[in-house]
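Each remark here refers to the structure printed beneath this line.
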Amino acid sequence: MKKINVALLDDHPLILSGLETLISKEEDIHVTGTFQSGAALLKAMEQKLPDVLLLDIHLPEMSGDEIALLITRNYPAVKIIVLSNLDYPYYIKNLIQYGIKGFLLKSSDKGNVILAIRTVFAGEQYIDEEIADKITAYRRSINQMQAHPLLLTKREKEIMQLIAKD
């Protein structure tokens, strides 16, 4: 059985240590490296690519968004799972457009982290259930707004046109 090689990027040593301990207990998953900066990760990736990358978004030097975009463009075989506290549907939708394969909240339990790694390694997408519900509600509200646009008075339309000119 092929082991799933996983790299971890988070700027908090305690989170890295906890994730590494949690993941290392699985027989089919191997942590190939832990990194506290995007630069360190990218340098290591020049030598060896992980199958899956667990990526924090809030990083001091280079944002997780930038790293995700770089990796999906330069190393498309690496499957990225974002691990974050951010749960804004619009933001997550953009990350998915960058090519990430999974999204987990940092409040996720061990089972979800392991399931997400195995799922994206198998070529499928994994979105935390709580996030999936928010994305569904977001899409529903967008569809409702498109189906029932706001009715503006003549004066409101004039004001909107003046604002749009600037």
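Below, the figures for the structure above:
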quantity: Only one of Ala68, Ala7 that is in a strand (DSSP E or B) and under 18 Å from Lys106 (Cα atoms); calculated: Ala7
quantity: Some residue of the stretch 43-53 being over 15 Å from Val6 (Cα atoms) and small (Gly, Ala, Ser); calculated: no
quantity: The stretch 22-35 - residue that is of a type in the set (S, T, N, Q) and modelled with pLDDT of 95 or more and, of those, surrounded by the fewest Cβ atoms within 10 Å (Cβ to Cβ); calculated: Thr32
quantity: Residues satisfying the stated conditions in the stretch 43-65, i.e. assigned to a helix (DSSP H, G or I) and either more than 18 Å from the chain's Cα centre (by Cα) or at pLDDT 95 or above (or both); calculated: Lys43, Ala44, Met45
quantity: Of all residues in the stretch 5-17 being surrounded by fewer than 22 Cβ atoms within 10 Å (Cβ to Cβ) and in contact with a His (Cβ under 9 Å, 6 or more places away or on another chain), the one that is nearest to Ser37 (Cα to Cα); calculated: Asp11
quantity: Matching residues in the stretch 85-131 - criterion: being outside any helix (DSSP H, G or I), more than 22 Å from Glu26 (Cα to Cα) and touching a helix residue (DSSP H, G or I) at 6+ places or on another chain (Cβ under 9 Å); calculated: Leu86, Asp87, Tyr88, Gly99, Ile100
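The values are calculated or read from the model by the stated rules, or taken from the named source; none is laboratory data. Predicted model only: the values in this text are computed from it and were never measured. For neighbour counting, all protein chains shown are included, and Cβ atoms are generated from backbone atoms with ideal geometry for every residue, glycine included.
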